[in-house]
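Input: a single structure, listed below in structure tokens.
The values are calculated or read from the model by the stated rules, or taken from the named source; none is laboratory data. None of these values were measured; they are calculated from a predicted model. So basically every Cβ, Gly included, is an ideal-geometry build from the backbone, and we count neighbours across all protein chains shown. Heads up: the accessible areas ignore ligands, DNA and RNA and are worked out on the full protein's heavy atoms, side chains in. Shrake-Rupley method; radii C 1.70, N 1.55, O 1.52, S 1.80 Å.
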Amino acid sequence: MRGGIVSRWRESLRKTSDLVAARIDRVLLGEARVDESALEDLEDRLIQADVGVRTSAELVEIVRLGVARGEIENGESARRAMVRAVEGLVKGSSSAGAHIDAPLQGPPHVIVFAGVNGVGKTTTIAKVGARYRAQGRRVLLAAGDTFRAGAVDQLAVWAERIGADIVKQGAGADSASVAFDAVQAARARGADVLLVDTAGRLHTKTNLMEEIKKVVRVIGKALPGAPHEVLLVLDATTGQNGLVQAREFHSTIGLTGLVLTKLDGTAKGGIVIQIARDLGLPVRYVGTGEGLDDLEPFDAASYAEALFGGS
């Protein structure tokens, strides 16, 4: 089972690991001497993979010191040392807070999804909803993206497909009003989980960010203690820009975690490390495709193994 999980992560991170893994075997010369040019090349590639300048330098220094102490003798031991370091960096963050298999709060357990347009937010909601439905949970979707043309209809199609109820209003309706009605409906219908969609918005637009603050505030008034999770959906291919988005959304609405989409389509998979380290936010899930099953709960050990070419 464990090997299968790592294998799926390896496939998702193939572009990233291909960028860095080939250089690991070259960091040592004969007689346990460090090949400094190879180490510099490895550091450059880690930075290209959005591991971050500070973390990339630290990982390379771990290898350099390990060789000096006789703890690293070959490429595999160098890889293992970096795997352990990365796992330690992201594990503390990813283990905090709620998880797909954790006991639900509420009921209903309310999750708000935020993000800019085009990141795969609506599809992610459907995937999370499908996971809860597979557990036998009663799921209600709130079509709070009333701004984008077709967004309500798109979510309604997903609701029917996964066997979930939906609360919706017409295009242009107030998103906070939709959220309020959805909380009331979830309580009346005995829903276990309420997943709230919101309009995609640029993190640099103050008026739009104020709207999503209102959505979160209204949900809290309708159900004290809610929302129980506020997840930001990020497109992994955006790299550093995703980190900027996360900072802005977190300061505005208090994120509890993130979902990374399109991880299989980028060589910038190291962004997970920067998010965990700089913001202390856990990555809850990783999307690797368009299918309902293409959503993996984040696993620090499997991620670290796959990042450096583990199989």
Without any contact (Cβ under 8 Å) to a residue 12 or more places away in the chain and under 17 Å from residue 120 (Cα atoms): which single residue out of 200, 150, 257, 144 fits that description? 150
Are there any helices (runs of 4 or more DSSP H) wholly within the stretch 60-163 with 1 or more residues that are open to solvent by less than 20 Å² (accessible area, probe 1.4 Å), modelled with pLDDT of 85 or more and not assigned by TED's automatic domain parsing to the domain that holds residue 178, and if so which? 75-94
Looking at the stretch 40-51, can you tell me whether even one residue there is at pLDDT below 80 and either at positive phi or among the small types (Gly, Ala, Ser) (or both)? no
